[in-house]
Amino acid sequence: MNKSGDKDSPLKAKSVKKEEEPSEKNDNIIDFTSEDKAVDFVKLFMNTTTPVLIDFYADWCEPCKQLTPLLEKVVSKEENQNKIILAKVNVDKVGEIAASFEIETLPTV
């Protein structure tokens with residue numbers, strides 16, 4: 001009850017449901033952040049019939065910091081399991097992949 005004795009006051013604190021973060025380990029999300037992963041990137045396309053969404057990003061890119069979590073959330077949804085793969089490519093760490101796609105601006109999906 002508040003000071004006026006009204007239990008249903010609009011000032012009453014409401015519980016806020018915290019949105020779930022994508023799980024740390026998700027088979028639908030592959031992070032390419034090192035040179036040795038570049039070979040895995042090519043293998044990914046050779047060994048799958050599942051559509052692959054490629055997110056080219058950089059750690060310093062502010063729009064990337066907003067877009068990437070949204071892409072992760074969509075791909076992580078239960079109804080999207082085994083239907084799409086998110087390949088996250090850090091252009092600063094595996095630049096040869098970005099160069100092969102002629103990426104000039106970030107973010108690029």
Practice task
Only one of these is modelled with pLDDT under 95, exposed (fewer than 13 other Cβ atoms within 10 Å of the Cβ) and basic (Lys, Arg): LYS37, LYS43, LYS88. Name it.
Solution key: LYS43
Exercise for the section: Answer yes or no: is there a residue in region 61-78 that is within 24 Å of GLU35 (Cα to Cα), at pLDDT 95 or above and assigned to a loop (DSSP other than H, G, I, E, B). Expected result: yes
Problem - Output for region 46-69, where each listed residue is of a type outside the set (Ser, Thr, Tyr), surrounded by fewer than 17 Cβ atoms within 10 Å (Cβ to Cβ) and closer than 13 Å to ILE29 by Cβ - result: VAL52, LEU53, PRO69
Practice task
Quickly run through region 79-109 and pick out the residues that are touching a residue at least 12 places away in the same chain (Cβ under 8 Å), among the aliphatic types (A, V, I, L, M) and in a helix (DSSP H, G or I).
Solution key: ILE97, ALA98
Completion exercise
Scanning region 67-101 for residues that are over 24 Å from THR49 (Cα atoms) and of a type outside the set (A, V, I, L, M, F, W, C) gives PRO69, ASP92, LYS93, GLY95
Handout entry: Hey, GLU72 surrounded by fewer than 16 Cβ atoms within 10 Å (Cβ to Cβ) and not β-branched (Val, Ile, Thr) or not
Key = no
Handout entry: Filter result for the condition that a residue is under 13 Å from ASN26 (Cα atoms) and in contact with a Phe, Trp or Tyr (Cβ under 8 Å, 6 or more places away or on another chain), over LYS73, LYS88
Key = LYS88
Problem - Checklist (1) closer than 24 Å to MET46 by Cβ; (2) touching a strand residue (DSSP E or B) at 6+ places or on another chain (Cβ under 9 Å) applied to ASP59, failing item - result: (1)
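The values are calculated or read from the model by the stated rules, or taken from the named source; none is laboratory data. Here the structure is a predicted model, which means the values were calculated and not measured. Please note: Cβ atoms are built from the backbone with ideal geometry, for glycine as well, and neighbour counts cover all protein chains shown.
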